[in-house]
Each structure stands twice: as C-alpha cells, then as structure tokens.
Amino acid sequence: MLFHKILRRFAIWASYLAIVATSIVSILFFRIPLNFARASGTKNIPRQGSGVLFLANHLTMWDSFLIAAAAFFFRLIFYPSEAFVNFADQNNFFTTWYVKILLQLLRTEPVARRDQATLMRRFVELLNKRNLLIFYQGTRSKNLELIKSGPAFAIRNAKCNITVIPVYHEGINRIFSRGGPKTQGIWRWLPRNFFRRPTVVFGEPIDFSDLKKIKNRRLSTQLINERIVRHITTLEKSLHAHNAVK
C-alpha cells in the first residue's frame, strides 16, 4: 500500500514536470520568440481544473500544443490542474514505450478508432475530473462542417455542469505538415517553416441547456452538432472579417 502511494505521488510530480516543461517549450516555439501566435478570447476560458470542454478544429498533429500555449500561457506552471486531457490515435502515436510514457504524463489518452463507444463514455468520465480538448471533426480536415457525434454525446450525458468553449485556429498548417500515412518518419514531426504567426480564437461558452432537454437522442445529437459547427464557423468568419478591416 505504501509503495503504491509513493508511486502515485511520483507519477503526479512527473506529470507536473512534463506539463510545465512542455508548456514552456510550446510558448517559446508558438508565441515567443519563433512564431508569435495570436490568441484572442482567452477571457472566455473558465479558470478551473474540471468541467471545461474545448471543441476545436483539427489541422495538424501539433494542434493541441498550440491551443494549450494560447489558452494557458504560463498559467500551467502555477495551475497544472487546468491542463486539458487530449486524445491521440493509438496506432499513430502510441508506437514506442517512451512515447507512451511521455503522452501519459501529458494527459494524452489513446484512441482506438474502432471503439468509439468506449471513447465517448471516456469523455463523460473525464469531464467530471479534468478539462478536455476534443477535435470535433474526428480527423485532420479543413472542412469545418465535418463533425463526429462524440462531443454531442459528452455534452448531453455529462454528469457535472460543464462549460463548452468553441475554438477556431489557423496558420499552424504553414508550420507543420498535416501528418498521416504520406508523411512517415521523423519528417512528420519537424517544422517546415518559422515566423508564420498562427491564430487561435476562443469563443464565448455555448449554451446547450435547451437541446439537452430533447428526449429524442438522434434529434438532440443533430441539433447539438449543428450548434457546434455554427459557432466554430462564426469564429472563422469573424476572424477573417477582422483581418479584412485591418
């Protein structure tokens, strides 16, 4: 029993150190002094360690690091509990023992593409204990209207009061490749460019209280998905309109 307590305490501290180190590296790379990422709407993010669900579009394998650097800046050094859990394809990322250990320390959960039911239940379970980042498209894509049902399931079945923050980002695909089967080897992990200034926008929390009352699950899921897509596309249009005025 004592050994397990010591081991658990060690794991907590190892996770903290990994999160802090990764946060500093991400800030140095994405914000200062290499790429000067722009972040807006961070005031919409609740400062709490659980029940916050970030829903973002997905462009590259490094999106979660950009979003974390934009959302938390140096806060994770002092408030590591705010770090969100994110998810990565089991066959694509969890390939070696040392990568598995690192990803676990960084609160990254493996995703088995053929077992979506288990994944959706895991969303609900984790929201009670952590913050979550879910790429709502379910894959890397520029199509913002593509959406999987996992986020809707988590929103409808969450056992705690959650805050859903829509996130739109762009520009990271000019730094890193999209990834995937055609970019095997070490090159898939390395940046192609610097000083590209990606942008991350955090929208106001989305209210789903009216849609969660709908008893027809299929209809409820459809309407929740439509609302998610509408908010993300609105963030995109607002950003482009702002840039056009400038």
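The values are calculated or read from the model by the stated rules, or taken from the named source; none is laboratory data. Just so it is clear, the structure is predicted and the values come from calculations on it, not from any experiment. In this analysis, Cβ positions are derived from the backbone assuming ideal geometry, glycine residues included, and neighbour counts consider all displayed protein chains.
Observations
- From the options 59, 144, residue that is at pLDDT 95 or above and over 26 Å from residue 210 (Cβ atoms): 59
- For segment 189-234, residues that are under 23 Å from the mean Cα position of the chain (by Cα), farther than 19 Å from residue 148 by Cβ and outside any loop (DSSP other than H, G, I, E, B) total 6.
- Residue ranges of strands (runs of 3 or more DSSP E) in segment 1-94 with at least 1 members over 27 Å from residue 232 (Cα atoms) and in contact with a Phe, Trp or Tyr (Cβ under 8 Å, 6 or more places away or on another chain): none
- Scanning segment 87-101 for residues that are surrounded by 14 or more Cβ atoms within 10 Å (Cβ to Cβ) and under 18 Å from residue 11 (Cβ atoms) gives 94, 100.
- Checked against the criterion of being touching a helix residue (DSSP H, G or I) at 6+ places or on another chain (Cβ under 9 Å), of a type outside the set (A, V, I, L, M) and under 20 Å from residue 231 (Cβ atoms), segment 13-30 contains not a single residue that satisfies it.
- Among the candidates 124, 167, residue that is farther than 20 Å from residue 30 by Cβ, outside any loop (DSSP other than H, G, I, E, B) and of a type in the set (Val, Ile, Thr): 124
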